[in-house]
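Encoded as structure tokens, the structure appears first; notes follow it.
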Amino acid sequence: MMDNVSVITMFTLSGLSGTNNYRVILFALTLLCYCVIWLVNLTIIVTIIVDKKLHEPMYIFLCNLCINGLYGTVGFYPKFLMDLLSTTHVISYAGCLLQGFVLHSSACADFSLLVLMAYDRYVAICRPLVYHSVMTKHRVCVFVFFAWLIPIYLVFMSTVTTSRLRLCGSHIPKIYCVNWLIGKLACSASIANIAIPAFNYTFYSGHFLFIVWSYVYLIRTCLKSKEKRTKFMQTCLPHVFCLLTLFVCVLFDLLYMRFNSKQLEQSTRNFMAIEFLLIPPMINPVIYGLKLTQIRNRILPFITSLD
């Protein structure tokens, strides 16, 4: 909606207009998924924090990955649940920018943390003799700090640039806000609004290439030793699975935004939009909880005691 001086105060969100007949069912399923996401992530987080034997680099990075999963979903699910029970699907200008900031920074932080986990596995398997001298507590804290700071800073700069655009529209063709779609509503193109996202995409593409390189080197190293192959299967496979899941979900979301085909069913488009907010936060803790022996050995006795 625009006032007489063409200042955008609210955005309309599309995608839920045809859900009136079964929105209660969708609300119940979404709430269930959100509760499961909180349950599985909090289980891993609390297990790692409480057990001092898990205060090692790999588990510290995993704990932060789970925290980031909760951080990202907070930016989507509460608003989405309210929209499911509402007949109007609108969001304020400030709320739209905040939601875009949270979702973008969470996705970027995921890649930063996965890079740290890849580096940790590279040092542990390829350079085991210097592992404890390289991955010191101080260095791990610095790594985690910058894994959060850099994504937040880069996305903040992008959000500030987006907020300075003069907009000529108020319709977001999605069930949540992202900076790229807000930028498409601009009356005129901005160099900064093109350059900053381009830098961010390039920067995090470099993250993905680093992870690929580290795992190519890891696989080559593990082929030479049965012991290292066993260690790779136990600690690296969950990381590879989580990386591929995140990459595929984010890729589908990017393709959805840029090539939003009207031929697809609205429900299909909505699922493509929420994949990275549903699958990685729910699957990652489960995969790590089942695969990593030390975490599994601490969670299973507690679950058994509840029975």
Top-ranked residue of the range 84-124 - restricted to ones that are hydroxyl-bearing (Ser, Thr, Tyr) and part of a helix (DSSP H, G or I), ranked as farthest from residue 281 (Cα to Cα): 93
From the list 251, 264, 290, 278, which one is modelled with pLDDT under 75 and assigned to a helix (DSSP H, G or I)? 290
Mind counting the residues in the range 27-75 that are in contact with a Gly (Cβ under 9 Å, 6 or more places away or on another chain) and hydroxyl-bearing (Ser, Thr, Tyr)? 2
Looking at the range 14-23, can you tell me whether even one residue there is at pLDDT 90 or above and among the polar types (S, T, N, Q)? no
Can you confirm whether residue 34 is among the hydroxyl-bearing types (Ser, Thr, Tyr) and modelled with pLDDT of 85 or more? yes
Filter the range 73-124 down to the residues that are among the small types (Gly, Ala, Ser), open to solvent by 10 Å² or more (accessible area, probe 1.4 Å) and more than 30 Å from residue 136 (Cβ to Cβ) and list them by number. 75, 86, 92, 94, 95
Here the residues within the range 164-192 that are more than 20 Å from residue 253 (Cα to Cα) and surrounded by 13 or more Cβ atoms within 10 Å (Cβ to Cβ) are 165, 167, 169, 170, 186, 190, 192
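To keep it simple, each residue is scored yes or no on (1) part of a helix (DSSP H, G or I); (2) touching a strand residue (DSSP E or B) at 6+ places or on another chain (Cβ under 6 Å); (3) on the phi > 0 side of the Ramachandran plot; (4) open to solvent by 20 Å² or more (accessible area, probe 1.4 Å).
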{"residue": "12", "(1), (2), (3), (4)": "no, yes, no, yes"}
{"residue": "35", "(1), (2), (3), (4)": "yes, no, no, yes"}
{"residue": "43", "(1), (2), (3), (4)": "yes, no, no, yes"}
{"residue": "53", "(1), (2), (3), (4)": "yes, no, no, yes"}
{"residue": "66", "(1), (2), (3), (4)": "yes, no, no, no"}
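The values are calculated or read from the model by the stated rules, or taken from the named source; none is laboratory data. Just so we're clear, the structure is a prediction, and the values are computed from it rather than from any experiment. Glycine gets a Cβ as well: all are built from the backbone with ideal geometry, and neighbour counts include every protein chain shown. To get the accessible areas, we keep the full protein, side chains included, count just its heavy atoms, and leave off ligands, DNA and RNA. Shrake-Rupley method; radii C 1.70, N 1.55, O 1.52, S 1.80 Å.
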